[in-house]
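The values are calculated or read from the model by the stated rules, or taken from the named source; none is laboratory data. Since we're looking at a predicted model, the values are computed, not measured. Please note: Cβ atoms are built from the backbone with ideal geometry, for glycine as well, and neighbour counts cover all protein chains shown. We work out accessible area using only protein heavy atoms, side chains counted, and drop any ligands, DNA or RNA first. Shrake-Rupley method; radii C 1.70, N 1.55, O 1.52, S 1.80 Å.
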Amino acid sequence: MDLIVKNARVVTGSESFVSDIGVKDGVIASVSPALQPSGAEVYDASGKIVIPGGIDAHTHMELKVDGTSSADDFYTGSVAAACGGITTLVDFVDTQPGETLLGALAEYRRKADSKVAIDYGLHMMFKGRNLPEIDRIPEVVKKGVPSFKVYTAYRARGLMLEDADILRVMEKVTAAGGLVAIHAESEGIIQRLIEKNLASGNTDARYHAMSRPPEAEAEAISRVTRLAKRASAKIYIVHLSSRAGIEEVDIARRGGTNVFAETCPHYLVLTDEVYEGADARNFVMSPPVKKASDRAALWEGLAPGGVIETVGSDHCPFTSAEKDWGEEDFTKIPNGVPGTEAIIPLLYSEGVRKGRISMFDLVRVTSASPALRFGLSPSKGSISVGAEADLVVIDPHKRVKMTADVMHSKIDYSIYEHISTEGYPVLTVSRGEVVMEDGEFVGRRGKGRFVPRRVASC
């Protein structure tokens, strides 16, 4: 053995037991009590919880937006992820003018491969400029990128597709055996409310949230789930933020649509009160966080059988100076917040510790379900012999105030400054190699590798 994690309280998506975990050549070689060290590195996990490494299937590293890029590159972003117990990222390829789908994929591989500190996969964003290449979708799938993201909003940025084109993409992706991810907000509702607010002189950050109400999310989900049913497509609603959105996903599932949803840590711990503060611009993301009642509904949606099957971060941070571009016009604020480092700490402290979810639920939505839904199992998402040794050790008593100086993202603030956790990851193991210990990154730039995926049949 190369590494033995001893005396672990192992928790998977369905069971909990005390055992040692033996690792050899990056793979779990044994899960049994009383393993003998025989020269292996030993970590004593007595009194701690060991879960499969987290999978954050929604990040935006080095994303070009409005003349700048998101603050974290593939190195700093993957370091932040590792320090929060994430061992696999799935980022989004964003084609630039003049790039082909396969050319953009190759460029993202070039940027990421030499930097990532943990393993990663890729989704493909599919925009209006990509429609001439719609017949190349099967080639992208063969490259290990079987998921394609479409938008029902952001017409001015060239992201939005009309319904007929969304249907075409769904049909092509489905025929190729893939999955369609959807940013679901109503462009019509949003633009009308933006126009009204700006015309009335309502320009500060609170009006970003007021221009994107729950109805905008619900209307778009209702529409795209009907398109998906028509195309017999598997779809994934990203960053679900409202009770109204949950209800629409539930209606679609009961009607036979193959749809599941993701939510994000900020929707689970914040409310729209953040838009009343002096630092409100730092909390601008889309969709915005909503009422306490929406937050409660999202926790309920994480229960077994609920519509929310995964928690991703939508990690896309910008510096406070960049956020200040919108000081006099909320439409100029770069949309996005940090989050990949916060998923497991917040789900444990605010979820498990407060009785909102079980440890089994935490593992299911951060590891087991993402591995299955995004084509990463059986090598990832479990603690079993033969699986890759992606492990997280949580100290259930460790208290951490999530301030900017503690977090590892390359920005100068934390949207979780007010939160002190009870319980926190203290060790992260990526394919058998310790990459974080006691809050310090101890891994290597470029240690991670690209993981080709194929979407499961579920």
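If you take the residues in region 146-173 that are in contact with an Asp or Glu (Cβ under 9 Å, 6 or more places away or on another chain) and of a type in the set (D, E, K, R), which one is nearest to ILE134 (Cα to Cα)?
LYS172
Out of the residues in region 251-276 that are among the β-branched types (Val, Ile, Thr) and part of a helix (DSSP H, G or I), state the one that is nearest to the chain's Cα centre (by Cα). Spell out how you get there, then give the answer.
The first filter runs over region 251-276 and keeps only residues among the β-branched types (Val, Ile, Thr), leaving 251, 257, 259, 263, 269, 271, 274.
Next cut, part of a helix (DSSP H, G or I) only: 251, 269, 274.
Values: ILE251: 24, VAL269: 15, VAL274: 21 Å.
Top of the filtered list is VAL269.
Let's see how each residue does on (1) open to solvent by less than 30 Å² (accessible area, probe 1.4 Å); (2) over 25 Å from MET124 (Cβ atoms):
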| residue | (1), (2) |
| --- | --- |
| LYS229 | no, no |
| ALA252 | yes, no |
| VAL259 | yes, no |
| GLU262 | yes, no |
| ASP272 | no, yes |
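Could you check region 15-120 for strands (runs of 3 or more DSSP E) lying wholly inside it with 1 or more residues that are within 21 Å of LEU179 (Cβ to Cβ), hydrophobic (A, V, I, L, M, F, W, C) and touching a residue at least 40 places away in the same chain (Cβ under 8 Å)?
Working: elements: 16-24, 27-32, 41-44, 49-52, 54-59, 86-93.
The qualifying strands (runs of 3 or more DSSP E) are 54-59, 86-93.
Find the strands (runs of 3 or more DSSP E) located wholly in region 362-449 whose residues include 1 or more that are closer than 14 Å to GLY84 by Cα, open to solvent by less than 50 Å² (accessible area, probe 1.4 Å) and among the acidic types (Asp, Glu), and list them.
Hits in region 362-449: 391-401.
Being of a type in the set (Val, Ile, Thr) and under 24 Å from ARG281 (Cβ atoms) is the requirement here; does ILE411 meet it?
Details: of a type in the set (Val, Ile, Thr): yes; under 24 Å from ARG281 (Cβ atoms): yes.
It is true that ILE411 is of a type in the set (Val, Ile, Thr) and under 24 Å from ARG281 (Cβ atoms).
Select, from ALA216, ALA233, the only residue that is out of contact with any strand residue (DSSP E or B) (no Cβ under 9 Å at 6 or more places or on another chain), crowded, with 20+ Cβ neighbours inside 10 Å and within 23 Å of HIS58 (Cα to Cα).
On the way: ALA233 fails: out of contact with any strand residue (DSSP E or B) (no Cβ under 9 Å at 6 or more places or on another chain).
Residue meeting the stated conditions: ALA216.
May I ask you to say which residue of THR203, THR225 is among the β-branched types (Val, Ile, Thr) and surrounded by fewer than 23 Cβ atoms within 10 Å (Cβ to Cβ)?
Details: THR225 fails: surrounded by fewer than 23 Cβ atoms within 10 Å (Cβ to Cβ).
One residue alone meets the criteria, THR203.
Step by step: first the residues of region 71-113, then only those that are among the hydroxyl-bearing types (Ser, Thr, Tyr) and either more than 22 Å from the chain's Cα centre (by Cα) or surrounded by 24 or more Cβ atoms within 10 Å (Cβ to Cβ) (or both), then the one that is nearest to SER409 (Cα to Cα). Which residue is that? Can you show your working first?
Residues of region 71-113 among the hydroxyl-bearing types (Ser, Thr, Tyr): 75-76, 78, 87-88, 95, 100, 108.
Filter once more, keeping what is either more than 22 Å from the chain's Cα centre (by Cα) or surrounded by 24 or more Cβ atoms within 10 Å (Cβ to Cβ) (or both): 78, 87-88, 100.
Working: SER78: 9, THR87: 16, THR88: 16, THR100: 30 Å.
Per the stated criteria, the residue is SER78.
Mind listing just one residue for me: the one in region 341-361 that is small (Gly, Ala, Ser) and buried (at least 20 other Cβ atoms within 10 Å of the Cβ) and, of those, nearest to the chain's Cα centre (by Cα)?
The first filter runs over region 341-361 and keeps only residues small (Gly, Ala, Ser), leaving 342, 349, 351, 355, 358.
Then keep just the ones that are buried (at least 20 other Cβ atoms within 10 Å of the Cβ); that gives 342, 349, 351.
Values: ALA342: 11, SER349: 18, GLY351: 17 Å.
Filtering region 341-361 for residues that are small (Gly, Ala, Ser) and buried (at least 20 other Cβ atoms within 10 Å of the Cβ), the one nearest to the chain's Cα centre (by Cα) comes out as ALA342.
Restricting attention to region 44-65, does a residue exist that is farther than 12 Å from MET1 by Cβ, over 24 Å from the mean Cα position of the chain (by Cα) and crowded, with 16+ Cβ neighbours inside 10 Å? Reasoning before the result, please.
Quick first cut of region 44-65, residues farther than 12 Å from MET1 by Cβ only: 44-65.
Of the ones still in play, those that are also over 24 Å from the mean Cα position of the chain (by Cα) are 44-48.
Retained after the next criterion (residues that are crowded, with 16+ Cβ neighbours inside 10 Å): 45, 48.
The answer is yes; a qualifying residue exists.
Test LEU122 against the stated conditions and say whether it is more than 30 Å from SER349 (Cβ to Cβ), open to solvent by less than 10 Å² (accessible area, probe 1.4 Å) and modelled with pLDDT of 95 or more. Steps first, answer last, please.
Values: more than 30 Å from SER349 (Cβ to Cβ): yes; open to solvent by less than 10 Å² (accessible area, probe 1.4 Å): yes; modelled with pLDDT of 95 or more: yes.
So LEU122 passes the test.
Would you pick out the residues in region 65-104 that are farther than 20 Å from ASN335 by Cβ and of a type outside the set (A, V, I, L, M, F, W, C)?
TYR75, SER78, GLY84, GLY85, THR87, THR88, PRO97, GLY98, GLU99, THR100, GLY103 - these are the residues of region 65-104 that are farther than 20 Å from ASN335 by Cβ and of a type outside the set (A, V, I, L, M, F, W, C).
Here is a list: GLY121, GLY178, GLY158. Which entry is among the small types (Gly, Ala, Ser), in contact with a helix residue (DSSP H, G or I) (Cβ under 7 Å, 6 or more places away or on another chain) and under 22 Å from GLY375 (Cβ atoms)? Lay out the reasoning, then the answer.
Values: GLY121 fails: in contact with a helix residue (DSSP H, G or I) (Cβ under 7 Å, 6 or more places away or on another chain); GLY158 fails: under 22 Å from GLY375 (Cβ atoms).
Only one candidate qualifies: GLY178.
Taking region 277-311 as the region of interest, how many residues are open to solvent by 20 Å² or more (accessible area, probe 1.4 Å) and in a strand (DSSP E or B)?
So the count comes out to 1.
Any residue in region 157-179 that is open to solvent by 30 Å² or more (accessible area, probe 1.4 Å) sitting within a Cβ distance under 7 Å of a residue that is of a type in the set (S, T, N, Q)? List the pairs, counting only those 6 or more apart or interchain.
Correct list of pairs: MET160/THR152; THR174/SER232.
Looking at SER358, SER367, SER313, which is the one that is in contact with a helix residue (DSSP H, G or I) (Cβ under 9 Å, 6 or more places away or on another chain) and under 20 Å from ASP119 (Cβ atoms)? Walk me through it before giving the result.
Working: SER358 fails: under 20 Å from ASP119 (Cβ atoms); SER367 fails: in contact with a helix residue (DSSP H, G or I) (Cβ under 9 Å, 6 or more places away or on another chain).
Result of the check over SER358, SER367, SER313: SER313.
Taking the stated definitions as given, is VAL224 touching a Leu at 6+ places or on another chain (Cβ under 9 Å), in a helix (DSSP H, G or I) and of a type in the set (Val, Ile, Thr)? Don't jump to the end; show me each part of the working.
Details: touching a Leu at 6+ places or on another chain (Cβ under 9 Å): no; in a helix (DSSP H, G or I): yes; of a type in the set (Val, Ile, Thr): yes.
Taking the combined requirement at face value, the residue does not satisfy it.
Kindly indicate whether VAL5 is crowded, with 16+ Cβ neighbours inside 10 Å, under 30 Å from HIS239 (Cβ atoms) and of a type outside the set (D, E, K, R).
Answer is no for this residue.
If the requirement is being at pLDDT 95 or above, within 21 Å of the chain's Cα centre (by Cα) and either open to solvent by 10 Å² or more (accessible area, probe 1.4 Å) or under 20 Å from VAL180 (Cβ atoms) (or both), which of these qualifies: ASP314, ASP329? If you could, list the steps in order and put the result at the bottom.
On the way: ASP329 fails: within 21 Å of the chain's Cα centre (by Cα).
Just a single option satisfies the conditions, and that option is ASP314.
So, in region 129-156, exactly how many residues are more than 20 Å from ILE237 (Cβ to Cβ), at pLDDT 95 or above and open to solvent by 30 Å² or more (accessible area, probe 1.4 Å)?
Total satisfying the criteria: 10.
Checking ILE189 against (1) modelled with pLDDT of 95 or more; (2) surrounded by fewer than 17 Cβ atoms within 10 Å (Cβ to Cβ); (3) among the hydrophobic types (A, V, I, L, M, F, W, C); (4) within 20 Å of PHE330 (Cα to Cα), only one condition comes out false. Which one?
(2)
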